[in-house]
1. Read phi for every residue in region 366-373 and hand back ³J(HN,Hα) as whole Hz from Karplus 6.51 cos²θ - 1.76 cosθ + 1.60, θ = phi - 60°, with x for Gly and Pro.
2. Which links in 347/368; 231/323; 31/95 stretch past 26 Å when you go from one Cα to the other?
3. Using the alpha-carbon atoms, what tilt in degrees (0 to 90, nearest 10) does helix 322-333 show relative to the longest principal axis of the chain?
4. Quick check: residue separation of residue 38 and residue 326 times 0.36 nm, minus the Cα distance between them. What number comes out in nm?
5. Say we join alpha carbon atoms closer than 10 Å with springs in a Gaussian network model of the chain; which of 16, 42, 296 then has the biggest fluctuation?
6. Within region 324-340, list the residues whose amide N lies under 20 Å from a label point set 7 Å along Cα→Cβ of residue 284.
7. With a ≥ b ≥ c taken as the square roots of the eigenvalues of the C-alpha gyration tensor of region 16-88, please select rounded if a/c is under 1.5 and otherwise prolate if a/b is larger than b/c or oblate if it is not?
8. List the residues whose amide H sits under 5 Å from the amide H of residue 56, counting only those 5 or more places along or on another chain, with H placed 1.01 Å from N in the peptide plane.
Amino acid sequence: MSGPAAFDTAIIGAGAAGLFCAAVAGQRGLKVLLIDHSEKVAEKIRISGGGRCNFTNRDLDIRAPQKHFIGDNPNFCRSALSRFTPADFLALVSKHHIAFHEKHKGQLFGDRSSDDFITMLVSECDAGGVTRWQPCAVKSVHTSESGPRYRIETDRGSVAANNVVIATGGLSIPKIGATDFGYRIARQFGIRMVEPRPALVPLTFEGASWEPYSQLAGLSLPVIIETGEKKSRIAFHEDLLFTHRGLSGPAVLQISSYWREGEPIRINLAPDVDIVQALQHAKATSKKLVANELAALVPTRLADAWVAQDATLKRPINEASDKSLAQLADRIARWPLVPSGTEGYKKAEVTAGGVDTRDLSSQTMESKQPGLYFIGEVVDVTGWLGGYNFQWAWASAHACAQAM
Ligand code: FDA
């Protein structure tokens, strides 16, 4: 009877982090097996960035990379991100002659298609002699008494490996292969977890209080959105999108990663004008309806929806009271809302929480269980919208591949 297939390293999950880790480890001379249960690798890269892959972000500050990331220990990501930077990944992209462009706020996208990045990663794996098994289901991962440290049972047979890297990502978008495999492995080896939750996700609102706004579905406008108080206050100046069930768009996706159930968010719907002064000036100089004057400051549909809710505003602006105009200005500049929930993992771009960084080395991604590593989104490190999550996948994969 032949024994298990022997490798230095078995990597489970052939997404962004798993593919890059396999390529770097293979090119360092390790014998690497990369396993994925899906037929195709890197489905999330394929659908990312609207099919163009926002693969990194030029605004990532190498001296303080943690400011674009959240997690129970925001400083954990610092070491890996400062040792493998956006410039390092760009060098690889340039080596493969992939044309790219910069969009707003340092976001870098491929010119053509996300497939270019998948092809690049697969060819880097080939250059490192990486063996790929997919689709392949992993039945169990156990330590071994003799020989290599780990034994993995799969539906293609047994594997013996000294190192096991878990790169199975988070829970978002289950229909393209997301599972809780990484979290189960962590628990099996006594590694702590931070409760996972959907992040970069639309927020929902229920009940009669949302009724006046549901008709605004499809409307998009720049806002400042914030949550938290004093030291924990965080704000984003981005576009907001009204949907049938609530709010989406980059502003809302960003704030959703910080929002906790039951907490309010506040939105400034006219961040680029002094709304109090503008309404006072209009009252002194105009006889137009309040709705028409407001429509000069915010989109017409929004102005109409706002004024429709207050009978004292359905009149020419010179006849509106100072008090009702002041209240209107206050609500436009500081609209307080308590979301009832989120659209959940089926719409979330990422999963916040995950494997607790207290049980991982920030230098190597090795867990307190020798030879067991966790990289990418499965770890409790979540980036802002804009290419930061892929940069974490590349950087954590690189740190791990250098250490094995
Ligand atoms: P990833 O999810 O990429 O890979 C995990 C792999 O593990 C998958 O191939 C999966 O099949 C496999 N797997 C899971 N369970 C398994 C099991 N039990 N056995 C075997 N294999 C298993 N980020 C960004 O920076 N820029 C962007 O433009 C976007 N855009 C974007 C759009 C959308 C719609 C989503 C959902 C997400 C994004 N993201 C993003 C986030 C980004 O895609 C994400 O953070 C990275 O793909 C995470 O990389 P990982 O390799 O950790 O997981």
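Throughout, read-outs are computed from the coordinates displayed, never taken from laboratory work. All of these numbers come straight from a predicted model, not from anything done at the bench. All Cβ positions, glycine included, derive from the backbone under ideal geometry; neighbour counts span all protein chains shown.
1. The phi angles translate into 6, 8, 5, 8, x, x, 10, 10 Hz.
2. From 347/368; 231/323; 31/95, over 26 Å: 347/368; 231/323.
3. The angle comes out near 10 degrees.
4. Numbers: separation 288, 0.36 × 288 = 103.68 nm, distance 5.70 nm.
Length gained between residue 38 and residue 326: 98.0 nm.
5. 296
6. 324-330
7. Oblate shape, in that a/c is at least 1.5 and b/c is the bigger or equal ratio.
8. Under 5 Å from the amide H of residue 56: 108.
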